[in-house]
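Comments concern the structure below.
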Amino acid sequence: MATGSLAAERGRSLWPLVAILWVGAVAILLQSSSDVAVGLAVMHVVAFAGAVVVWFAAKRTESPAIVRIIVWGWALKMVGTLARFFVLEVVYKGAGDANRYAYVGGILSQRMRTGDFSRYVATKQLIGTQFVEMFTGGMYVFTGKTVLGGFFLYSAIGFAGLYLIFRAVRIAAPEVDQRRYALLLFFLPSTLFWPSSIGKESLMMFCIGVVVYGLARMFEHMPGGIPIVLAGLGASAMIRPHITLMLAVAVMGASTITRSRTAPGDLPLAKWLRVIVFIVAVAVAMSVASSFLKVDNLDAENVNATLQATNARTSQGGSSFGGGSPAAYPLSVVTVMFRPFPFEAGNLQSAIASVETTLLLLLFVRRRAGVREAFRRLRSNGLLAFVLVYSALFFYVYSSFGNFGLLARQRVQLYPLVIMFICISPADGSEAGPLRWWRSRQHRPVSPARRRPAVDATAGIRA
């Protein structure tokens with residue numbers, strides 16, 4: 001009986017996904033193209049096979065409430081993928097990087113089937129755009145060229161990265177409220193929408209998830225932590241080497257400042273050996289990033305020149321706002337995290353983004369006691385230390401961006417990590433804001449001088 005009820009519950013939970021996919025399929029058929037049939041087939045396979053994999057993977061380690069959140073997060077991720085495809089093909093008339101990756105990937109897949117694995121442009125290095133084109137071509141060897149199908153495959157890769165980040169928090173940050181974090185991580189509009197298309201965002205989300213998961217295993221003295229971290233850094237270096245450098249520096253910084261929690265068989269010397277390994281990783285990442293950015297070395301002068309060039313290049317288009325400066329660091333934190341504000345929205349996309357950023361700002365203000373608690377735990381929790389260092393570097397680098405649209409895409413590489421801070425409850429159980437004030441008023445002791453004397457209710461009716 002229990003098995004039957006469980007199967008029935010699982011079946012009912014899939015009906016919303018079925019309805020959403022069929023509505024999306026009809027809408028896509030109205031915008032039919034040559035790869036629609038293959039795309040719809042891939043969409044259904046990814047959506048339903050992914051739902052089963054996600055359900056079984058989560059069920060092994062999570063409570064039923066968390067499992068439901070993750071499964072519904074997967075369903076919403078599929079909706080976000082359809083929305084991302086619609087925006088590209090209908091709103092932007094197909095003008096976007098995803099279609100270029102799909103076009104080149106289709107050509108490369110035909111070459112790969114004949115044993116030719118050469119790059120599309122042989123004179124360019126296999127980093128960044130060229131790597132994504134090669135990856136897409138390898139994927140199309142098995143599925144055939146399909147833009148829609150590619151969106152769903154890349155979306156699944158991005159979701160896997162989110163799940164790895166959640167698992168890392170479960171392993172190494174028990175002070176984080178798991179339910180609150182799962183709701184934010186899997187339901188945040190940015191994570192549902194941006195890393196859901198053919199492109200670098202989905203792959204980077206997966207690489208960041210691998211790095212964070214490996215880091216959690218390393219800090220908790222579980223096997224395979226360092227190799228997993230190095231694998232994630234190596235993969236991310238093929239996509240966005242400057243992000244790899246930030247990740248490597250954050251890993252090294254967290255390994256250095258975190259107090260060693262000696263486990264059986266683990267000596268303090270092991271901590272410094274790990275630090276040496278990550279110093280080497282930082283040096284390699286600096287070399288790759290220098291080559292990618294076409295500078296001799298990453299000294300302060302070259303970094304500032306690159307940031308100024310980025311500001312000039314991105315401060316164009318309908319969502320431009322002039323950009324900021326790393327010198328004004330506190331304002332840069334606000335810009336990268338919380339802008340555009342509602343009064344700065346110049347189009348529908350910016351208006352939707354402003355709703356999300358405003359809600360996040362309110363959450364950070366409301367949960368500021370949790371943020372302070374996170375800072376107090378930096379020396380004892382390596383994962384939180386990593387997030388702090390990575391966030392600080394991210395704010396500095398992306399403060400030079402002068403376009404809200406580009407900024408919204410890029411900070412999806414930050415949001416899944418930084419929202420950990422607002423999911424930590426203070427050690428004393430205190431709360432911030434008006435609720436804390438009101439509760440303190442209710443439980444404030446009354447001084448004896450102000451205490452009213454007791455009144456005898458029967459005094460006036462005595463015989």
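Bear in mind that the values in this text are calculations on the coordinates, not laboratory data. Please read these numbers as outputs of a predicted model, since none were measured by experiment. Virtual Cβ from ideal backbone geometry, glycine too; neighbours counted across all protein chains shown.
Quick notes
- Phi angles across the stretch 283-288 convert, under the Karplus curve 6.51 cos²θ - 1.76 cosθ + 1.60 with θ = phi - 60°, into 3J(HN,Hα) values of 4, 5, 5, 4, 5, 5 Hz, Gly and Pro given as x.
- Gain upon complete extension [residue 380, residue 221; 0.36 nm per residue less C-alpha separation]: 55.8 nm
- Note on the stretch 120-236: with charges restricted to the Cβ of Lys and Arg (+1) and Asp and Glu (-1), its dipole about the Cα centre is near 100 debye.
- Rounded to the nearest whole Hz, the Karplus-based 3J(HN,Hα) values (6.51 cos²θ - 1.76 cosθ + 1.60, θ = phi - 60°) of the stretch 137-144 follow the sequence x, x, 5, 6, 4, 9, 9, x, with x at glycine and proline.
- Neighbour-count order for 236, 109, 291, fewest beta carbons within 10 angstrom listed first: 291, 109, 236
- Every pair of different Cα atoms in the stretch 176-272 enters the Kirkwood calculation, which places the hydrodynamic radius at 14.9 Å.
- Residue 118 paired with residue 90, simple spin-label distance in nm, labels 7 Å along Cα-to-beta-carbon: 4.2 nm
- Whole-Hz ³J(HN,Hα) from phi, Karplus 6.51 cos²θ - 1.76 cosθ + 1.60, for the stretch 350-362, glycine and proline x: 5, 5, 5, 4, 5, 5, 5, 5, 5, 5, 5, 4, 4
- Put simply, the amide H of residue 424, placed in the peptide plane, has neighbours under 5 Å in 177, leaving out anything fewer than 5 places away on its chain.
- Charge tally in the Cβ shell below 13 Å around residue 168, where Lys, Arg are +1 and Asp, Glu are -1, residue 168 excluded: +2
- Ranked 373, 201, criterion: other C-beta atoms within 10 Å, fewest first: 373, 201
- By average C-beta atoms within 10 angstrom, highest first, the peptides 332-341, 144-153, 164-173, 269-278: 144-153, 164-173, 332-341, 269-278
- Over 30 Å apart at the Cα level, from the set 145/200; 93/145; 59/271, are 59/271.
- Overall form of the stretch 362-413 per C-alpha gyration tensor (a/c, 1.5; a/b vs b/c): oblate
- Distances between placed amide hydrogens fall under 5 Å for residue 403 paired with 321, all partners being 5 or more residues away or on another chain.
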